[in-house]
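Readers should treat all values here as calculations from the given coordinates under stated rules, not as data from a laboratory. Every value quoted in this text rests on a predicted model; they were computed, and no experiment measured them. Glycine gets a Cβ as well: all are built from the backbone with ideal geometry, and neighbour counts include every protein chain shown.
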Amino acid sequence: MAFKGKIMLLSHESGGRIDENETIMDHIHEGPVSSRLIRAAKYGTPVLKISDGISESPKVMLTAGIHGNEFPPQIAALRLVDEIGDLHVNGTVYIIPFAVPHATMKNSRKFKGIDMNRTASKGGSISNNILKATKTFKVDSVADFHATKPRSNPGVESVFCSKEPCSESLTIAKYITDAMSSKLLSFDHAATLYSGALEDECNMQGIPSVTCEVVSENCEVKKGSPEKSYLQMLSYLRYFDIISSE
């Protein structure tokens, strides 16, 4: 398959060698696009833009690896970037498979000692760079993909959303949970639990967003967890009719 899409870098300080993470590399089948993204990640946070070349709308963004030690969504995102070129895409998809490549390389939840899912509102952080990119790219929605440890919060396959200020956040979450076994976790207002999460900050800036979780221990890949994360990604894209539901 010929390479389709455009790769950009959002941050140059976050670079890391994904190929040094043996667990991730053992669970992927490198394709033409994923290989390019793995190489690009050495120099910063890579984002792949895929567009049908006709109408750029709707525009959505999928992110993984805000926590570098949560492997299943990053593996799923690599599968998606290699397969989405064979699908008929209506609109534009921005995919960030490794939000913080350095943290992924180091099997770390944090970058420079800081949790990037608490800093999207703070200028200069990598998650804030991603938030700014949503404005630059004029995306219509964002889905952030994570993996939760068993017996933690939430500890179950789930989709986080909020009713205010973007009511569509709840609508998107219901669509995904209706299509899968994921549990709906809805809050009355964004940032109810804490501030700085990418999903919440997007919702508060008028970009309807959700956070999708699958279950797997940190730094591990529970059997079937990348596949479930991948299905969550497909369901999200189908909500916007970016790919066919067939």
For the chain, with +1 on Lys and Arg beta carbons and -1 on Asp and Glu, the positive-most of 64, 235, 45 along the dipole: 45
At R0 = 25 Å, FRET efficiency that the Cβ-Cβ distance of residue 183 and residue 136 yields, to 0.05: 0.15
For the range 113-189: rounded, prolate or oblate by the Cα gyration tensor [a/c cutoff 1.5]: oblate
Nitroxide proxy distance, nm - points 7 Å out along Cα→Cβ at residue 152 and residue 13: 2.5
Global form of the range 1-127, assessed from the alpha-carbon gyration tensor, a/c cut-off 1.5: oblate
Cβ charges +1 (Lys, Arg) and -1 (Asp, Glu), total dipole of the range 9-50, debye: 300
Dipole axis of the chain (+1 Lys, Arg; -1 Asp, Glu on Cβ), positive-most option in 189, 146, 130: 130
Highest-first arrangement of 71-81, 173-183, where packing means the average Cβ count within 10 Å: 71-81, 173-183
DSSP beta bridge pairing in the range 6-239, given as percent antiparallel to the nearest 5: 35
Positive-end residue, the chain charge dipole about Cα centroid, Cβ charges, pick of 77, 24, 9: 9
Rg(Cα)/(2.2 N^0.38 Å) for the range 6-239, N = residue count: 0.90
Ordering of 199-208, 10-19, 28-37 by burial proxy (mean other Cβ atoms within 10 Å per residue, highest first): 199-208, 10-19, 28-37
Cβ-derived FRET efficiency at R0 22 Å, residue 30 paired with residue 54, nearest 0.05: 0.15
Cα gyration tensor shape of the range 53-130, rounded if a/c is under 1.5, else prolate or oblate by comparing a/b with b/c: oblate
Relative contact order computed over the chain (Cα-Cα under 8 Å; 6+ residues apart), in percent: 22
The range 6-239 - charge dipole about Cα centre, Lys and Arg +1 at Cβ, Asp and Glu -1, debye rounded to 20: 480
222 nm mean residue ellipticity, helices alone, for the chain (DSSP H n ≥ 4; -39,500 (n - 2.57); rounded to 500): -9000 deg cm²/dmol
